[in-house]
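Enquirer: Structure in structure tokens, see below.
The values are calculated or read from the model by the stated rules, or taken from the named source; none is laboratory data. Nothing here was measured: the structure is a model prediction, and the numbers come from that model. Every residue, glycine among them, receives a Cβ derived from its backbone with ideal geometry; neighbour counts consider all protein chains shown.
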């Protein structure tokens, strides 16, 4: 089998440049202010400034980074809107995690009533099988 060793071309789009400023309270999270700029570095007033909030959600398996857009027209309004936007992002992340859990649990099926066990009839080493066959079937 041939291995594709080609490297994708990484080319920046000069018409989509932003200057990034980072603000944090060192408690709740971070707000990244993305100011559109032209290729010469001057401000591009024809495009909207973006406010991106960042926070972390603590889970039983570690922290989950969250990034979300904050609808605002100034840094002050972005700070005021941080909590509401973060709440929506947390709710969305929880829904996505629950969906991933459902998908993972439905991908392993243990059929009932199948003869034998692991390794075919009689099980591994002739020890018999688990009740119901005990086989894992990947869809």
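Enquirer: Among the numbered conditions (1) assigned to a helix (DSSP H, G or I); (2) touching a helix residue (DSSP H, G or I) at 6+ places or on another chain (Cβ under 9 Å); (3) modelled with pLDDT under 95, tell me where residue 97 comes up short.
Expert: The failed condition is (2).
Residues checked against (1) under 22 Å from the mean Cα position of the chain (by Cα); (2) closer than 14 Å to residue 74 by Cα; (3) at pLDDT 95 or above; (4) surrounded by 15 or more Cβ atoms within 10 Å (Cβ to Cβ):
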| site | (1), (2), (3), (4) |
| --- | --- |
| 10 | no, no, no, no |
| 14 | no, no, no, no |
| 21 | no, yes, yes, no |
| 25 | no, no, yes, no |
| 30 | yes, no, yes, yes |
| 34 | yes, yes, yes, yes |
| 40 | no, no, yes, no |
| 46 | no, no, yes, no |
| 50 | yes, yes, yes, yes |
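Enquirer: May I ask you to list pairs of residues, at least six apart or on different chains, whose Cβ atoms are under 6 Å apart, with the first in region 44-64 being outside any strand (DSSP E or B) and the second being surrounded by 11 or more Cβ atoms within 10 Å (Cβ to Cβ)?
Expert: These pairs meet every condition: 44/36; 44/37; 44/38; 47/36; 49/35.
Enquirer: Looking only at residues that are at negative phi and out of contact with any strand residue (DSSP E or B) (no Cβ under 6 Å at 6 or more places or on another chain) in region 53-64, which one is surrounded by the most Cβ atoms within 10 Å (Cβ to Cβ)?
Expert: Top of the filtered list is 59.
Enquirer: Against the definition (in contact (Cβ under 8 Å) with a residue 24 or more places away in the chain and surrounded by fewer than 13 Cβ atoms within 10 Å (Cβ to Cβ)), how does residue 4 come out, yes or no?
Expert: no
Enquirer: Next question, about the same structure. Report, ordered by the first and then the second residue, all pairs with beta carbons closer than 6 Å, sequence separation of six or more or different chains, a first member in region 84-99 that is farther than 11 Å from residue 57 by Cβ, and a second member that is surrounded by 11 or more Cβ atoms within 10 Å (Cβ to Cβ).
Expert: 85/53; 85/68; 85/70
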